[in-house]
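I have placed the structure first, in the form of structure tokens, so that the comments after it can refer back to it.
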Amino acid sequence: VQLQASGGGLVQAGGSLRLSCSVTGITFSVQAMSWYRQAPGKQRDLVATVNRAGVPDYADSVKGRFTITTDDTRRKVFLQMNNVKPEDTGLYFCNIKEYLRGAHWGQGTQVTVSP
């Protein structure tokens, strides 16, 4: 299984970014698709997730600003980031939970928000 994340970059506070993650090599059904964030020197935290029913959930810190979506095939997951803040800076990872095979991780894409 391979997950390829893209879309990161440098953005000013208040701006927007759209992250994308493409998934290949999945054998069984996708149970959940998620984005995690890891700031320098900190643990990796869940930012947003969407379950197999399409119901999203978000960390309190991004509610109302970020939106997670998937394509119809559930082989791509997106994170629309609006009104970004400096504290959103970090390495963003996509994560897929596959039935019977567990979690798979992408390589991460860097997001840097300047004040």
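The values are calculated or read from the model by the stated rules, or taken from the named source; none is laboratory data. These numbers were taken from a predicted model, which means no experiment stands behind them. Note that we place each Cβ from the backbone using ideal geometry, even for glycine, and neighbour counts take in every protein chain shown.
When you check K76 against the structure, is it closer than 24 Å to G102 by Cβ, among the basic types (K, R) and touching a residue at least 40 places away in the same chain (Cβ under 8 Å), yes or no? Answer is yes for this residue. Restricting the search to segment 33-65, which residues are closer than 14 Å to V84 by Cβ and modelled with pLDDT under 95? Result: A39, single match.
Every test in (1) farther than 17 Å from G8 by Cβ; (2) out of contact with any His (no Cβ under 6 Å at 6 or more places or on another chain) is passed by T109 save one, and that test is (1).
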